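Asker: Questions regarding the structure given below will be posed in turn.
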Amino acid sequence: MSTNPVIALDSSWPKVSLKDATAALTAPGTKFEMATVTIRGVPTRVWKNAPHDIGQLVDLSRMHGDRVFVVHDDERVTYAASYRAIATLARALVDMGVGKGDRVAFAMRNLPEWPVIFFAITTIGAIAVPLNAWWTGGELEYGINDSGAKVLLVDAERYDRIASHLAATPAVERVIVTRAPQPIAGTIALEDIIGGPKDWATLPADDRPRIAIDSDDDATIFYTSGTTGNPKGALGTHRNLMTNILSGAFSAARSFIRRGEAIPDPTPRTMLTVIPMFHVTACSAGLMGMLASGSTTIFMRKWDPIRAMEIIEREKVHFTGGVPTIAWQLLEHPDRHLYDLSSIEAIGYGGAPSAPELVKKIYEEFGALPSNGWGMTETMATVTGHSAEDYLNRPTSAGPPVAVADLEIRADDGVTVLPIGEVGELWARGPMIVKGYWNKPQATAETFVDGWVRTGDLARLDEEGFVYIVDRAKDMVIRGGENIYSSEVENALYEHPAVTDAAVIGVPHRSLGEEPAAVVHLAPGTSASEAELQAWVRERLAAFKVPVAIRFAPETLPRNANGKILKKDLKGLFADRAVAA
């Protein structure tokens, strides 16, 4: 039985309007007070009380002392020990000649070393380049060369991938490897600099190097998860990352205000982190807030629902999530009743559309609050936040923007702002927007305009400012001149009790241009036929939106590291229709 608080979904909710809740939270003298500063020539609302830079955040985290920061298998690292490792590695990087603005790339799975490396780089004014640990050797080579990285840090698995490509990365002066079973010629062992995680508490308690840093100095290059062409490096600033700390807290506080309740004092929580740290959701929206609050993060080598439930029970995990698939697998696992999961207070996700039914099930089955939000690599994660009653009442929305962000829906001309309820391209503005794309001035000029980022998402806003992501503009299916938003069809499929994963793509047609087709994954122990699902959609949507073909996937659908379904990988399932058309 869950011990979590019950949300009263009664007619008296909301007690406070969204507008009044925001006004109360951001009033002068409050934690979420705002100020206006000029960022790259554009007056911008910012959180007045956000940390100045990443170094200041790391200094604050030192005060958490012996609280556990990271858990990984049998390794438990405290905040005090982590600070010693960060400071020691930072000094070593400075001794290697790494200075302000230099790029330092690193690639590894979620390990206790990951945040140490990230903070050691950024606190000395260098630019952290977290590379996708799922990339091949050739892709890693691209990221290293594109960023112009001076130093490369990798775990042994990534070293095996990149080793044969290192000769083609001329800018790299040093390669540092961690968790290698034996010394590797021509490289430095990270353990020779800071030891292993169990040694960090014995490192010198010296202060970290002190470098003058401005809030809008460069801090990170996160590579986008683009499905066409080479990924682009989004150049983020210290302010971008620090903004997320208060943005996440603001969204949570807003839920209490809407409910008419007092905002509780912040308390450290325990989070099971199952999405890769090289994604802005885990790093910017997750890790930054954890340092600020003194919370604990638990890393898993790879997602496994049984292992996850064991960890949740043992560690009394309060929060987990990442993508909807994870929530579904926990909900539907036949052995779920064998584990005490009552500590779970919230399950959050983003990066992929979710079934409205999932929102309700999380609340009903776990007694936990579902949460969602919208952001992208170019916004360093959080722009909107959606949780609690707001999410339960608007399960197809990604929520309203945080107070320092603005959203607009614009027409194809990129200028005309469309009325409430109309679908167009979503534009976003605020202190979380990155500077642009690394060494890509044309792409930067096309995407970042006067403080706004044009997202490429098709969306609409309702009267209160809640955003509804309709589709990616490039993924929209156009059938004989009629626009079909894939998310609309996917949501209809999700309403079927057997469907837990769905993707709609366009398949070529000689006269219509393209037609919608779908790939679905069914819940264990359920069944549905193609004809049944087509009839289901036909009852809910116009006939031209009904998938002309439906394929059934035995596993959940393939996703990239950011949780987005790889629709291009599904097109081959419909090769027979393409030939026929």
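The values are calculated or read from the model by the stated rules, or taken from the named source; none is laboratory data. Since this is a predicted model, take the numbers as computed values, not measurements. Methodologically, a virtual Cβ is constructed for each residue, glycine included, from the backbone with ideal geometry; neighbour enumeration extends over all protein chains shown. All accessible areas refer to the heavy atoms of the entire protein, side chains included, with ligands and DNA or RNA removed. Shrake-Rupley method; radii C 1.70, N 1.55, O 1.52, S 1.80 Å.
Asker: Quick one: which residues, 5+ away or cross-chain, put their amide H under 5 Å from the amide H of Ala219? H built at 1.01 Å from N.
Answerer: Gly236, Thr237, His238
Asker: If you don't mind, there's one more thing I want to ask. Dipole size in debye (nearest 20) for segment 438-560 around its Cα centre, Lys and Arg Cβ +1, Asp and Glu Cβ -1?
Answerer: In total the dipole reaches around 420 debye.
Asker: Also, I was wondering about something else. For segment 443-514 and segment 305-328, write down the distance between their C-alpha centroids in whole Å.
Answerer: What the calculation gives is 30 Å, centre to centre.
Asker: What percentage of the solvent-accessible surface of the chain, computed with a 1.4 Å probe over protein heavy atoms, is contributed by carbon and sulfur atoms?
Answerer: About 52 percent, which is the carbon plus sulfur part of the accessible surface.
Asker: Could you work out how far apart the two model spin labels at Leu541 and Leu418 are, taking each label as a point 7 Å from the Cα in the direction of the beta carbon, and quote it in nm?
Answerer: Distance between the two pseudo-spin positions: 1.7 nm.
Asker: Between Arg67 and Arg174, what is 0.36 nm times their sequence separation minus the Cα-Cα distance? Round to one decimal in nm.
Answerer: 35.2 nm
Asker: So, in nm, how far is label Thr556 from label Ala411 when the simple model puts each one 7 Å beyond its Cα toward the Cβ?
Answerer: 4.2 nm
Asker: Does segment 222-326 come out rounded, prolate or oblate, given a ≥ b ≥ c as the square roots of the eigenvalues of its C-alpha gyration tensor, rounded meaning a/c under 1.5 and, failing that, prolate meaning a/b above b/c?
Answerer: oblate
Asker: Specify which residue in the list Gly321, Val467, Pro395 is farthest towards the positive end of the charge dipole of segment 315-469, using unit charges on the beta carbon of Lys, Arg (+1) and Asp, Glu (-1), about the Cα centre.
Answerer: So the residue we want is Gly321.
Asker: Of all DSSP beta bridges in the chain, what percent run antiparallel (nearest 5)?
Answerer: On the way: 57 of 93 bridges.
In the chain, DSSP labels about 60 percent of beta bridges as antiparallel.
Asker: Okay, moving on. How much accessible area per residue does the chain have, counting only protein heavy atoms and a probe of 1.4 Å, in square angstrom? Walk me through the numbers on the way to the answer.
Answerer: Working: 23210 Å² over 581 residues.
Accessible area per residue: 40 Å².
Asker: Rounding to the nearest 10 and keeping the result within 0 to 90°, find how far the Cα-based axis of helix 356-366 lies from the longest principal axis of the chain.
Answerer: It is inclined by approximately 60 degrees.
Asker: Any idea what the relative contact order of the chain is, in percent, if you count C-alpha pairs under 8 Å spaced at least 6 apart?
Answerer: Details: 1201 pairs, mean separation 71.2, N = 581.
Once normalised by length, the contact order is 12 percent.
Asker: Starting from the Kirkwood radius over alpha-carbon pairs of the chain, derive D by Stokes-Einstein at 4 °C in a medium of 1.567 mPa s and give it in µm² s⁻¹.
Answerer: Roughly 52 µm²/s, to the nearest whole number.
Asker: Here is a follow-up. Against the longest principal axis of the chain, how steep is helix 305-315, in degrees 0 to 90 to the nearest 10, with axes from Cα atoms?
Answerer: Computed tilt is about 50 degrees.
Asker: Provide the gained length on full extension for the span Ile478 to Leu566, in nm with one decimal, where the gain is 0.36 nm per separating residue minus the Cα-Cα distance. Please report the intermediate quantities before stating the final value.
Answerer: Details: separation 88, 0.36 × 88 = 31.68 nm, distance 1.93 nm.
That pair, Ile478 and Leu566, stretches by 29.7 nm at full extension.
Asker: Right, here's the next one. Please give the helix 238-259 orientation as an angle from the longest Cα principal axis of the chain, in degrees from 0 to 90, rounded to the nearest 10.
Answerer: Helix 238-259 sits at roughly 50 degrees to that axis.
Asker: Using +1 on the beta carbon of Lys and Arg, -1 on that of Asp and Glu, and nothing else charged, what's the dipole of segment 462-532 about the Cα centre, debye to 20? Let's see the in-between values first.
Answerer: Values: 4 positive and 14 negative charges, 82 e Å.
The calculation lands at about 400 debye.
Asker: Follow-up question, since we're still on this one. Using just the helices of the chain, give the 222 nm mean residue ellipticity in deg cm²/dmol: DSSP H runs with n ≥ 4 each add -39,500 (n - 2.57), and the total is spread over all residues, rounded to 500.
Answerer: Calculated from helices alone, the mean residue ellipticity at 222 nm is -8000 deg cm²/dmol.
Asker: Roughly speaking, what % of Cα-Cα pairs in segment 61-129 are separated by over 17 Å, rounded to a whole number?
Answerer: Working: 1004 of 2346 pairs.
More than 17 Å apart: 43 percent of the Cα pairs in segment 61-129.
Asker: Also, I was wondering about something else. So if each residue of separation counts as 0.36 nm, and I subtract the Cα-Cα distance between Ala212 and Glu530, what length gain in nm does that give? Intermediate values should be presented prior to the final figure.
Answerer: Working: separation 318, 0.36 × 318 = 114.48 nm, distance 6.19 nm.
Stretched out fully, the Ala212 to Glu530 stretch lengthens by 108.3 nm.
Asker: Follow-up. With +1 assigned to the C-beta of every Lys and Arg and -1 to the C-beta of every Asp and Glu, and no other charges, what is the dipole magnitude of the chain about the Cα centre in debye, to the nearest 20?
Answerer: Dipole of the chain, to the nearest 20 debye: 640 debye.
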